[in-house]
Amino acid sequence: MINAMTLALYHDMVTEFTNHLQKVQNNMLKCWHDPVEFSLNSFFGFTEFAHTSVSQLAHHHTDAFTSYFNPEPARSGTLNRKTGRRIETNRVAVVTGGIGGIGTEICKRLFNDGNQVVATFIAIEAEHAGTWQKKHRKEGYAIDIIECNVTDFSSCKKMSRQLEKEYGRVDILVNCAGITRDFTLRNMEIEHWHAVLDTNLDSVFNVTRNFINHMIKQGYGRIINISSVNGQKGQFGQTNYSAAKAGMIGFTKSLALELADNGITVNTVCPGYVGTSMVEAIPEHIKNNIIAKIPVGRLAKPAEIADAVAFLAAENSSYITGSEISINGGLYMG
Ligand code: NDP
C-alpha cells in the first residue's frame, strides 16, 4: 500500500518535473533576448517546484511512518462524523451468521479488502457478539455488529432499514447463517424440519428481500449465498439440510436472472466439510469417515471459503452471476 502510494507520488513528481522543463524551454524561446529575466524566472520556478515536492514527500513519509506504528491499517476514505466510523471504500458488506466459524473469516477477509463490514448475531448471542467484536477490534478489525434473527422477516426488515440509515448503502450481502438438525427422515420431527428450512432457506428470502430494492436503486450489488456440498449431492441423515441448501442454489439462479441487468450479481458458494464447530459437533468416528472420503484428505479451512466469497464480492467479478462455486477438496464434482 505504502509502496504503491510512493510510486504514484514519484510518478506525479516526474510528470510535473517534465512539464516544468517544457515550460522552461518555452520561456527560453520567449526570453532569448533577455537572459537575466530568463535566469531569474527559471530559478524562482525551480525553487517553487523543489519546495512543493519536498513538502509533499515529507507529508507522505510522515503519514507512512504514523500508519506503520498504528495498529489500525493505513486508511483512506471518509469519516462518518455522526457515528465516528471510518468508511474505507464506499462499499458496505453485511454477513449474516457473521460471528460463526465461516462467517468470522468472511468478515475479516472483506474487511481486509477495504469494505466496511457488519456481522449479524441473534439476540441470545448478544454477549458473545460483544466479546467477539472487542476481540477483533483489538486485532485491528473494525467490524460492526447488528442484531437480527434471519428466520424473522420483520427482524430482517428492521436490520436492513437501520443499516441503510446508518451507512447510506449496502453493497455486499453474504447469507451465511445456518444450522443443522440431523436425523434420518423416519426419526425427524416437524420442528427439526422447520428449524433447518427456516434458518437456511427462508432466511435467504427474509434478508435478501429486504435489501434488494435498495441495491436495485443504487444499481450495484453482490449477493453471495453459502450453500453446501450436501445441497448438491444429498447426505444421509440430512433431508432437511440438503433440501434447504439445494433450495438456495435454485433461489440464486432465479434471482441472478432477475437482477442481471441491474449491476447485481447473485452467486452460491458450496463448501464441503469445513473445520468449524458445526463439523466438530459430528461424532469423531463419523468425522474420520468423512475425511477419509475427501480426495484432498483434510477438512477445508474457513479462510478458504472466505477467499471465494471475497472473489465474488469484488467489483471485477461483475460477469459472474448465477454460478455455484464448489470448495470441497474434490468430494463432489457434479
Ligand atoms: P456456525 O454455527 O459456526 O455459524 C453459523 C452462524 O449462523 C452462527 O453464528 C449462528 O449463530 C448463526 N445463526 C443461526 N441461526 C440464526 C438465526 N436464526 N438468525 C441469525 N443467525 C443465526 O457454522 P459455520 O460457520 O460452520 O457455517 C456457516 C454456514 O456455512 C452455514 O450456512 C452452514 O450451513 C454452511 N456450511 C458449513 C459447512 C461446514 O462444514 N462448517 C459446510 C457447508 C456449508 P449461533 O451461533 O448463535 O447459533
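Each value in this text was obtained by applying a stated rule to the coordinates, not by laboratory testing. Keep in mind that what you see is a predicted model, and the values were worked out from it rather than measured. Note: ideal-geometry Cβ built from the backbone for every residue, glycine included; neighbour counts use all protein chains shown.
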Of the GluC sites (Glu not before Pro) in segment 156-257, which ones lie in a loop per DSSP and count no more than 16 other C-beta atoms within 10 Å?
Glu189
Spin-label zone in segment 228-266 - amide nitrogen under 16 Å from a point set 7 Å from the Cα of Leu185 along the C-beta vector
231, 233-247
Least to most buried among Ser254, Ser326, Ser277, by other C-beta atoms within 10 Å and fewest first, runs Ser277, Ser254, Ser326
For segment 161-300, what is the relative contact order in percent, using Cα pairs closer than 8 Å and at least 6 residues apart in sequence?
25 percent
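State the antiparallel share, in %, of DSSP beta bridges confined to segment 80-327, rounding to the nearest 5. Write out the running numbers ahead of the final one.
Values: 1 of 28 bridges.
Around 5 percent of the beta bridges assigned by DSSP in segment 80-327 are antiparallel ones.
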How far apart, in nanometres, would the label points at Asn262 and Lys301 be if each is projected 7 angstrom from Cα along the Cα-to-Cβ direction?
3.7 nm
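As a footprinting exposure proxy, order Arg186, Arg91, Arg209 by other Cβ within 10 Å, with the fewest listed first.
On the way: Arg186 5, Arg91 22, Arg209 14.
Ordered by Cβ neighbours within 10 Å, fewest first: Arg186, Arg209, Arg91.
How would you rank Leu163, Leu197, going from fewest to most other Cβ atoms within 10 Å of each one's own Cβ?
Numbers: Leu163 22, Leu197 17.
Going from sparsest to densest Cβ surroundings: Leu197, Leu163.
Using DSSP to call loops (not H, G, I, E or B), can you name the chymotrypsin sites (Phe, Trp or Tyr not before Pro) in segment 199-304 whose Cβ has at most 13 other Cβ atoms within 10 angstrom?
Details: sites: Phe205, Phe211, Tyr220, Phe236, Tyr241, Phe251, Tyr273; in loops: Tyr220, Phe236, Tyr273.
Taking segment 199-304 and a limit of 13 other Cβ atoms within 10 Å, the loop chymotrypsin sites (Phe, Trp or Tyr not before Pro) found are Phe236.
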So for the pair Ile290, Glu147, with labels modelled 7 Å out along Cα→Cβ, what separation do we get in nm?
3.2 nm
